[in-house]
Amino acid sequence: MTFTSLSFLICVSLLWLMHLVVPSKCRWAFLLVASYGFYASFKVPYLLLALLAATLVSYGCALRIESGKDARSKLFWMWTGILGNLSLLFWLKYLPFVTCNLNAALDFLSGGIRFPSVQQLLALGVSYYVFQGISYLIDVYLEAVEPERHLGYFSLSMSFFPKLLQGPIERSGNLLPQLRNLSPSSLAMLHSGFNLFLLGVCKKVVIADRLATFIDPVYGHVHNYYGISLVVATYLFALQLYFDFSGYTDMALGLARCFNIRLTPNFNAPYLATSTADFWRRWHISFSSWILDYIFKPLQFSLRDWARLGVPVSLLLTFLVSGLWHGASWCFVAWGGLHGFYLAVGVLSKKPRARLCKRVGLDKTRVLTYWQRFVTFHLVCFSWIFFRAATVKDALYVAYSSVADLPRSFALLQSGERDFLQHVALGRSVSELLFALAAVVTVSTLGYLGTGAKRKDTKSDELAFLQRIPFWGGAIAYGAVLYLITICGVSAKGFIYQQF
Amino acid sequence: MATAGSSRTTLPRLIACYWLRLLIFAALFTVTLEICARLDDCAKYGAPFWEEYSNGRLRSRDKLGFTYNLPNAKFEKWEHNSLGFRGAERDKSKKPGMTRVVCLGSSESYGLYESPGKEWPAQLQALLPGTRYEVLNASVVGLNLKYFEPYLQKHVFPLKPDVVILVVNPLFYVTNQISARMEESGPTGPAAKEKPSVASCKEKLLANVRVFPKLKQVIKQAVVAAFPDTYRTHEIVTAKRQLQEIERNRLKGGKPLETVPAPYLANFGGDLGGIVDLIRSHNSEVILTSYPALISKDNLSDYEGVFLDNRRFCVELSMAGIIEAFKQFSSVTADVSKGKKVPFVDMQMLLPKSTDFFGDNVHYTDEGAFLFASNVSKTIGTLPTH
């Protein structure tokens, strides 16, 4: 049951109506049952057990941390909880990858011993709530938050259905206080939630899924394409990934608002970033802040004696872990490593670059900002090649052919504009591509207007400016959006970040 | 200062204002949807913005009442060339050295569910060498064997085809035979004798609103995806109810036939044989095909809804009668091909009975059309002069 399916929309509408009449003391139980019911709808029984296990381990260990007599016992229970959560993640997500690579290494070395092959299990949402559990345990250990004594509230914070499958990775300090005081949302909050949800659906079915029809055939068989086709496919993937994930996030945030819960925003115009570090402050914010607080900072502290190399090495290691979190595949590790490399080089070259900009008079100019955005966007797009490709070999082919085969692509112009356009449009309709790009521009403009409005009033919601348009304008807007979603939307595909 | 009296008058006014705003909102919302639908049609299909836009643009009836395709007509994915056929533009006169192949059937050959350019005659063109073969799709939705002769005379023989491939819908033939016996049949059979119904205002409005059919289709797809079993049950119940209504009107108390009567089959054989002779008299070769269908006795329970939907076109036969009819007519077609010594492609056996190849009981998917075309192309290769 995905967010864009009819059965989900009917269920969530009924849930919302029912939660209005449920007594306030029982609302947490109602939402908890609904959340577990949502997870159960995927018909994978062991996932329910995994969620329950992660919840109970995190809850129990946090209480033991608090009641621990000395620092050693607190540390013991923290690590017990962390390892408990990680072992769950390892079993569900990484065991086949590890055994496969170990077997490959053993075959190379001895050829005799082999580990038994393990079937890849479905790990829907596990990465997200395991990380949430770990952050909760560390926060309790560091006394940043009090451990939650009410198992129901804690269980709901782990399983709350809008954020269960793809995050955001919530911090206990944000979510738990809201769950302790559940009440029906105000009309303004409901309106805001509904608009955000609609925007998310539009991003997903009108843009992301449409772009996927261009990209999937290319990255499914990369060797059938070359030159500009691969460049275009990579740019389109950058857009698809953003609209798919931010679309999901908007839906999750919108849904949560309908139940009077504010989740953490996950995106802030990431492709306007002026450096890779800035990119990670804008992309998947809940995850990047998690790895910053719980992996990078402890690593940086541990490597503080490494002088200049401490921070770059910490960044590299952090992002290797980040790559591995995204998927049990060397492609994701390569992707993460690439970002770690970008950040490391960024840190090491910060002062020389600043000196150079000052010397040529570009310091703090608009030209520099645009140049930085251009470079950052292309560095990120290059890394997306590894994120999307099926194997490292395919990724290297795409990277190589995108540049080396450009003359071959341009040679098509000699046989006629039509052949060249077909090549650029990846063998599909040019008008379909233009429609998708027009939708990208429209939604991006809406987002830009929202960001601008938010800068003026930081307390306002993302689409608050839409709530000020007259009711007749609203009727036209809703009509157009509904048409786009229902008639122009592409048939539902899964969410990309749901696989992580 | 508000008084009790003023609050009493304000409240009804507030309620009226509220309802008025809601009505205006709903009206603007609907108008926006309709404008979007029209703009979408304009952009996608080049449809007119203001005029009526329906599949009626594709066909017309001549003075004798026979249906034919309008040249250069266009509706959604269906597009006719200047000859009134689906497919690439063709000259009326044949190019020297080219073998002209004309495909003649009804909606299954015209193309219903296939992507544009994937109906079987178009796929046949793609399979045959383009430098030697030219394939024309002369099929018309609803074309009946009874009307093949006038249609061939007017629209096909002037093109001087070298090969004519016939795909004959058996259910239309049965319906036509029964209608001929029940009443004096005109060129269009029972339809000509029905009193023309006057569309109500509501029906006229719905016919002109483009967004409702689109929304209906989307909602149907969403319901089928979300509740497949419930939808299937509902589809079957609705189809049965509609069939009972159609049976009441058409059979007028009579019972549907359990099998096609032998005289009908004999007439079919005679008529088909006559068409074969007619085509050959115009120096064209003939290829006959059996009429493939999805449903059989073995899979009826899996596709009951599809079958009931198809039975609306021939309530004169029972469910068993229809399943049997395809076999009976296939057998007669095979006999005619043997007797007339023309190639016969038994599509009924060659097309697997699966929804991978069938969009409904008698229309094909892209894959089904490809299989159809590839089997025909093999047969064309065995013709003596080709």
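Nothing in this text is a laboratory measurement; each read-out follows from the coordinates by a stated rule. What you are looking at is a predicted structure, and each value in this text was computed from that prediction instead of being measured. Note that each Cβ is placed from the backbone with ideal geometry, even for glycine, and that neighbours are counted across all protein chains shown.
For the stretch B:223-307, applying the loop criterion from DSSP together with a ceiling of 16 other beta carbons within 10 Å to the trypsin sites (Lys or Arg not before Pro) yields B:LYS252, B:LYS297.
For the pair B:LYS44 and A:ASN224, what calculated FRET efficiency results from E = 1/(1 + (r/R0)^6), where r is the Cβ-Cβ distance and R0 = 25 Å, to the nearest 0.05?
Numbers: r = 28 Å, r/R0 = 1.12.
Efficiency, from the Cβ-Cβ distance: 0.35.
Between A:TRP16 and A:ARG114, what's the calculated FRET efficiency when r is the beta-carbon distance and R0 is 41 Å? Round to 0.05. About 0.20, to the nearest 0.05. Residues in the stretch B:107-118 carry Karplus couplings, in order, of 5, 5, 8, 5, x, 10, 8, 5, 5, x, x, 10 Hz; the curve used is 6.51 cos²θ - 1.76 cosθ + 1.60 with θ = phi - 60°, and Gly or Pro positions show x. Screening chain A for whole DSSP H helices of 30 Å or more along their axis (Cα) with average Kyte-Doolittle hydropathy at least 0.5 returns A:45-67, A:228-258, A:366-388, A:430-456. For peptide B:212-218, the mean count of partner chain Cβ atoms within 10 Å of a residue's Cβ comes to 2.
Translational diffusion of the stretch A:27-177, estimated by Stokes-Einstein from the Kirkwood radius over alpha carbon pairs at 37 °C in a medium of 0.692 mPa s, is 198 µm² per second. Ordering A:THR264, B:THR365 from the fewest to the most neighbouring beta carbons within 10 Å gives A:THR264, B:THR365.
Using C-alpha pairs below 8 Å separated by at least 6 residues, the relative contact order for the stretch A:189-494 is 27 percent. Distance between the pseudo-spin-label points of B:LEU64 and A:ARG180 (7 Å out from Cα toward the beta carbon): 8.9 nm. Per-residue Cβ neighbour counts within 10 Å put A:TRP16, A:TRP325 in the sequence A:TRP16, A:TRP325, beginning with the fewest.
Against the main long axis of the alpha-carbon atoms of chain B, helix B:4-45 sits at an angle near 20°. For the stretch A:6-183, averaging the sequence separation of C-alpha pairs within contact (under 8 Å, six or more residues apart) and dividing by the residue count gives a relative contact order of 29 percent. Contact order for the stretch A:293-442, expressed relative to its length and based on alpha carbon pairs under 8 Å spaced 6+ residues apart, stands at 16 percent.
Post the alpha-carbon centroid distance, the stretch A:316-350 to the stretch B:65-126, in whole angstrom. Between the Cα centre of the stretch A:316-350 and that of the stretch B:65-126, the gap is 57 Å. In terms of overall dimensions, the C-alpha atoms belonging to chain A reach 75, 70, 55 Å along their principal axes, ordered largest to smallest.
Ranking B:SER290, B:LEU278, B:ALA373 by Cα position along the charge dipole of the stretch B:270-386, where only Lys, Arg, Asp and Glu carry charges on their C-beta atoms, puts B:LEU278 farthest toward the positive end.
The length gained by stretching the chain between B:THR238 and B:ARG181 to full extension, at 0.36 nm per residue less their Cα-Cα distance, is 17.5 nm. Scoring B:103-109, B:322-328, A:248-254 by mean Cβ neighbours within 10 Å over their residues and listing the highest first yields A:248-254, B:103-109, B:322-328. The phi-based Karplus calculation (6.51 cos²θ - 1.76 cosθ + 1.60; θ = phi - 60°) puts the 3J(HN,Hα) values of the stretch B:360-372 at 8, 5, 10, 10, 9, 8, 4, 5, x, 5, 5, 5, 4 Hz, whole numbers, x for Gly and Pro.
Pairs spanning more than 19 Å between alpha-carbon atoms, out of B:LYS44/B:LYS77; B:LYS118/B:LYS216; B:LYS252/B:LYS327; B:LYS63/B:LYS154; B:LYS297/B:LYS338: B:LYS118/B:LYS216; B:LYS252/B:LYS327; B:LYS297/B:LYS338. Shape index of the stretch B:280-380: Rg/Rh, with Rg the Cα radius of gyration and Rh the Kirkwood radius from the inverse mean 1/r over Cα pairs, equals 1.01. The angle between the Cα long axis of helix B:319-340 and the longest principal axis of the Cα atoms of chain B comes to about 30 degrees, rounded to the nearest 10. Over all projection directions, the Cα-based convex hull of the protein assembly as shown averages an area of 52.7 nm². Centroid-to-centroid, using Cα positions, the stretch B:308-340 and the stretch A:142-189 are 65 Å apart.
Using the 10 angstrom Cβ neighbour count as an exposure proxy, how do B:ILE24, A:ILE228 rank, fewest first?
B:ILE24, A:ILE228
Each of A:SER415, A:GLY427, A:THR365 was placed along the dipole of the stretch A:189-494 (beta-carbon charges, centred on the mean Cα), and the one lying farthest toward the positive end is A:THR365.
Only bridges with both residues in the protein assembly as shown count here: give the DSSP antiparallel percent, nearest 5.
On the way: 8 of 25 bridges.
Roughly 30 percent of the beta bridges in the protein assembly as shown run antiparallel, per DSSP.
Using equal-weight Cα scatterers in the Debye expression, the normalised intensity of the stretch A:350-389 in log10 at q = 0.16, 0.25 Å⁻¹ is -0.51, -0.80.
Label positions at B:LYS338 and A:ARG304, each projected 7 Å from the Cα along the C-beta direction, are separated by 9.7 nm. Averaging 1/r over every pair of different alpha carbons in the stretch A:120-206 and inverting the result gives a Kirkwood radius of 14.8 Å.
Over the C-alpha atoms of chain B, the Rg to Rh ratio, Rh being the Kirkwood estimate, stands at 1.07. Between the helical axis of B:228-251 and the longest alpha-carbon principal axis of chain B there is an angle of about 70 degrees. Computed over the alpha-carbon pairs of the stretch A:257-344, the distance histogram in 10 Å steps reads 18, 43, 29, 9, 2 percent, short to long.
Here the mean projected area of the convex hull built on the C-alpha positions of the stretch B:18-82 is 6.2 nm². Per-residue mean of foreign Cβ neighbours for A:475-485 is 6 (Cβ atoms of other chains, 10 Å radius). Shielding by partners for peptide B:21-28, expressed as the average number of C-beta atoms from other protein chains within 10 Å of each residue's C-beta, is 3.
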